[in-house]
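Participant: Here you go, one structure.
The values are calculated or read from the model by the stated rules, or taken from the named source; none is laboratory data. All values derive from a computational prediction rather than experimental measurement. Because the Cβ atoms are built from the backbone with ideal geometry, glycine has one as well, and the counts that use them run over all protein chains shown.
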């Protein structure tokens, strides 16, 4: 048993590759080629020279070893025979045919039935077989079955094959180094065992998202499928899920499924995905699609992507959250109702810097609610207020310290209620001395010193 066999037992998913060892044929083919050309009265140089044949033959095993054993079929056998016979034009034609056959197989493994969802055009087995080589290469590039480098190199091979192989009347001959370069590119970029992405059936994904709430296992399976596809299709999928989430006609379980999938990938969102989301968001706003725009804001908030929004939109979101929180705070049974609204404001301000234009409103809201009224403070909400106060910037600290001197609700409460006054002093004592600008130390001392 070889070392590679041992590896395949330890890791069954590892593709076994056996080094190729070719027999020495020069002693047989050289006299045969000489006799053949002499018998036909043709010059010996109509075929590759013995030195050229030997050079390619000696380097051929290394190139063939790159190719998985299951792809070493009769086409590669004919390739070897062509090299041994000095028929370099036939050799590259056999190599190219093998490449085209394998690229078609890659497309089949990707999923022929899914390609129309990506290209927007009908596609089936007959259309695959009818594709010109250049069209097949372009499709493989679009499906990420070959890289940009691979497309460039294989497209050059296609051009060489059309002009220098036995498939068509040739315009010249290739030397031994050019043949080896051709074979190297084909083996590297087409006849390889690299893991090809499998497409996600978008129609099935949409149906699953809309059917019912995802179970943990169902969410995991779909995330694995999306993970194993390629960037271009992921962009399509995330754009689709964003659109579904923002659709006011969709049920709550549909929106939950959509955001749950996106949340698993938000850290991997490419610049293309982020640009797509922002463009769609601005489009909703420009068209006056209020419901979709509101849902879009929630989408960005739930994925902690608020930094992608404009400052004016961030101002609007934080200002609206502050007004809602104050409204709940001033309403009946506020101690019970405040916590979720306080938590939302914390989440908003934790994921982005508060715009200067709304800092005063933000600080006044947080301090007003944290100070509370003469009956007390919502303890369940105050844990969120404390976190926001601890994160105040120097400018926000200044606003906080100046509140008792301004005509505000909280100033009136501090002046008229000993409980509110003591609570405000407690808040000021939370400020770390090193965080207090020199210009504000007098105000801090007023509330912290006996």
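Participant: Determine whether the stretch 272-286 contains at least one residue that is surrounded by fewer than 16 Cβ atoms within 10 Å (Cβ to Cβ), modelled with pLDDT under 95 and over 20 Å from residue 313 (Cβ atoms).
Facilitator: Within the stretch 272-286, one or more residues are surrounded by fewer than 16 Cβ atoms within 10 Å (Cβ to Cβ), modelled with pLDDT under 95 and over 20 Å from residue 313 (Cβ atoms).
Participant: While we're here: Pick from 102, 54: which is modelled with pLDDT of 90 or more and closer than 17 Å to residue 139 by Cα?
Facilitator: Details: 54 fails: closer than 17 Å to residue 139 by Cα.
Result: 102 is the single residue among 102, 54 that is modelled with pLDDT of 90 or more and closer than 17 Å to residue 139 by Cα.
Participant: Still on this structure: Being out of contact with any helix residue (DSSP H, G or I) (no Cβ under 6 Å at 6 or more places or on another chain), surrounded by fewer than 21 Cβ atoms within 10 Å (Cβ to Cβ), free of Cβ contacts under 8 Å to residues at least 12 places away in the same chain and more than 22 Å from residue 446 (Cα to Cα) narrows it down to one of 330, 379, so name that one. Give the derivation first.
Facilitator: Working: 379 fails: free of Cβ contacts under 8 Å to residues at least 12 places away in the same chain.
That would be 330, the only listed residue that is out of contact with any helix residue (DSSP H, G or I) (no Cβ under 6 Å at 6 or more places or on another chain), surrounded by fewer than 21 Cβ atoms within 10 Å (Cβ to Cβ), free of Cβ contacts under 8 Å to residues at least 12 places away in the same chain and more than 22 Å from residue 446 (Cα to Cα).
Participant: If I ask for residues that are assigned to a helix (DSSP H, G or I) and exposed (fewer than 15 other Cβ atoms within 10 Å of the Cβ), which ones from the stretch 156-177 would you list? Outline the logic, then answer.
Facilitator: First pass over the stretch 156-177, keeping only residues assigned to a helix (DSSP H, G or I): 156-164, 176-177.
Result: 156, 159, 163, 177.
Participant: Filter the stretch 285-297 down to the residues that are under 16 Å from residue 249 (Cα atoms) and touching a residue at least 12 places away in the same chain (Cβ under 8 Å) and list them by number.
Facilitator: First, the residues of the stretch 285-297 that are under 16 Å from residue 249 (Cα atoms): 289-296.
Passing the criteria: 291, 292, 293, 295, 296.
Participant: Where residues in the stretch 137-152 are touching a residue at least 40 places away in the same chain (Cβ under 8 Å) and under 19 Å from the mean Cα position of the chain (by Cα), which of them is surrounded by the fewest Cβ atoms within 10 Å (Cβ to Cβ)? Give the steps one after another, and end with the answer.
Facilitator: Within the stretch 137-152, the first condition is being touching a residue at least 40 places away in the same chain (Cβ under 8 Å), and the residues that meet it are 142-147, 149-150.
Cutting the leftovers down to under 19 Å from the mean Cα position of the chain (by Cα) gives us 142-147.
Numbers: 142: 16, 143: 23, 144: 17, 145: 23, 146: 25, 147: 13.
Across the stretch 137-152, the extreme among qualifying residues is 147.
Participant: Is it the case that residue 81 is surrounded by fewer than 21 Cβ atoms within 10 Å (Cβ to Cβ) and either at pLDDT 90 or above or touching a helix residue (DSSP H, G or I) at 6+ places or on another chain (Cβ under 7 Å) (or both)?
Facilitator: Numbers: surrounded by fewer than 21 Cβ atoms within 10 Å (Cβ to Cβ): yes; either at pLDDT 90 or above or touching a helix residue (DSSP H, G or I) at 6+ places or on another chain (Cβ under 7 Å) (or both): yes.
For residue 81, the condition - surrounded by fewer than 21 Cβ atoms within 10 Å (Cβ to Cβ) and either at pLDDT 90 or above or touching a helix residue (DSSP H, G or I) at 6+ places or on another chain (Cβ under 7 Å) (or both) - is met.
Participant: Being in a loop (DSSP other than H, G, I, E, B) and under 47 Å from the mean Cα position of the chain (by Cα) is the filter; apply it to the stretch 47-67 and report the residue that is surrounded by the fewest Cβ atoms within 10 Å (Cβ to Cβ). So that I can check it myself, show each step before the final result.
Facilitator: Filtering the stretch 47-67 down to residues in a loop (DSSP other than H, G, I, E, B) leaves 47-49, 66-67.
Filter once more, keeping what is under 47 Å from the mean Cα position of the chain (by Cα): 66-67.
Details: 66: 16, 67: 23.
Result: 66.
Participant: Quick check on residue 220: is it part of a helix (DSSP H, G or I) and at pLDDT 90 or above?
Facilitator: Taking the combined requirement at face value, the residue satisfies it.
Participant: If the requirement is being closer than 27 Å to residue 20 by Cα and either in the same structural domain as residue 47 (by TED's automatic domain parsing) or modelled with pLDDT of 95 or more (or both), which of these qualifies: 183, 141, 129, 137? Don't jump to the end; show me each part of the working.
Facilitator: Working: 141 fails: closer than 27 Å to residue 20 by Cα; 129 fails: closer than 27 Å to residue 20 by Cα; 137 fails: closer than 27 Å to residue 20 by Cα.
After ruling out the rest, the residue left standing is 183.
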